[in-house]
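Heads up, the thing below is written out as structure tokens.
The values are calculated or read from the model by the stated rules, or taken from the named source; none is laboratory data. Small disclaimer: the values here were computed from a predicted structure and weren't measured. All Cβ positions, glycine included, derive from the backbone under ideal geometry; neighbour counts span all protein chains shown. All accessible areas refer to the heavy atoms of the entire protein, side chains included, with ligands and DNA or RNA removed. Shrake-Rupley method; radii C 1.70, N 1.55, O 1.52, S 1.80 Å.
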Amino acid sequence: DEDLSDFINSASKTKYTYYPIIDKEKKCLGIIKFADVGYQNRKKVILVDHNSYEQSVIGLNEAEILEIIDHHNIGSIGTNMPINFRNMPVGSSNTIIYTLYKENNVGIPERIAGMMLSGILSDTLILTSPTTTDLDEEAVVYLASLAGVDYREYGLEMLKAGSSVKGKTKEEVLYTDYKTYPVAEGKIGLGQISTTNPNEILDEKEEYIELLNNVAKNNDYRFVALFITDIIGNGSYVLYSTNGEAILRKAFKNKELEEGTFLGDVVSRKKQILPNIMLELQ
């Protein structure tokens, strides 16, 4: 689990030629030669659907970022050289990829069209989210024609299939779509899960609250929250670590807000949830 830079620092001091690579059970998986490791062989990466270190893979600071394609707020990423950075205020990063296909006159294969369509329908809750733009709608109609599906019928079936929490642990539910954001004096964690049956989670809310409190305490979060978005009811129920109640009440201008409160018409973390919370924290 050691970062490459940490290994190089250690190896530079010990001066051995070979080093063992071990797993969690201390079993040797192989060896690495110090002479074969260095920054001249940095991995080349393109970031899609995010642009901050907190939401990316471990060790990103040791890679060479070639390009960024994203539809979120500008984060903490910095580069040493100019790069292509495509950031657009649309409902899904797949809509940007659709635009790139069009701009470069490249045909979209049927299977790729189906995956891109799925991403847009998921991100925009079948074009009902406030993040939805005319370009998202254009992309959905075009991609659905390539994939040969009725996007409304397909989208609803997809969301139903993906929203069930049956067989999942509470940690898996929390981290289904979870993002960390740096704020003054620390960080916050916001999880979101879309479902057609929010009671699957709300019926066990005490156990979820305990999990959120443990995650916040063990990872030094200012607070952690889970937004349970009701696809049918067009809103979100909120559960949170207890240290987040005051902030959330002010952020959503609801003095009565408590564990499990329903926030009507609040379905977008990017456009409704995060901005309100950040404004309050600032």
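Only one residue in THR99, THR131, THR95 is within 17 Å of the chain's Cα centre (by Cα) and in a helix (DSSP H, G or I), so which one is that?
THR95
A quick yes/no check of all residues on (1) open to solvent by 80 Å² or more (accessible area, probe 1.4 Å); (2) modelled with pLDDT of 90 or more:
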| site | (1), (2) |
| --- | --- |
| ALA11 | no, no |
| TYR16 | yes, no |
| TYR19 | no, yes |
| TYR39 | yes, no |
| ARG42 | yes, no |
| VAL57 | yes, no |
| GLY75 | no, no |
| ASN87 | no, yes |
| LEU100 | no, yes |
Can you find a residue that is without any contact (Cβ under 8 Å) to a residue 24 or more places away in the chain, on the phi < 0 side of the Ramachandran plot and not aliphatic (A, V, I, L, M) anywhere in the range 228-235? no
Checked pairs for the range 127-152, first free of Cβ contacts under 8 Å to residues at least 24 places away in the same chain, second in a loop (DSSP other than H, G, I, E, B) and open to solvent by 30 Å² or more (accessible area, probe 1.4 Å), C-beta under 7 Å and 6 or more apart or across chains, list as GLU137/LEU127; VAL140/LEU127
Hits in the range 183-225 (condition: under 16 Å from GLY244 (Cβ atoms), in contact (Cβ under 8 Å) with a residue 60 or more places away in the chain and open to solvent by 30 Å² or more (accessible area, probe 1.4 Å)): ALA184, LYS187
From the set of residues in the range 264-282 that are in a loop (DSSP other than H, G, I, E, B) and among the β-branched types (Val, Ile, Thr), which is surrounded by the most Cβ atoms within 10 Å (Cβ to Cβ)? VAL267
Against the condition in contact with a His (Cβ under 6 Å, 6 or more places away or on another chain) and open to solvent by less than 20 Å² (accessible area, probe 1.4 Å), how does SER93 come out, does it pass? yes
Among the residues of the range 165-182, how many are open to solvent by 50 Å² or more (accessible area, probe 1.4 Å) and of a type in the set (Ser, Thr, Tyr)? 3
All but one of (1) modelled with pLDDT of 95 or more; (2) open to solvent by 30 Å² or more (accessible area, probe 1.4 Å); (3) over 18 Å from the mean Cα position of the chain (by Cα) hold for MET115; which doesn't? (3)
Quick one: is THR261 among the polar types (S, T, N, Q) and either over 23 Å from HIS50 (Cβ atoms) or crowded, with 19+ Cβ neighbours inside 10 Å (or both)? yes
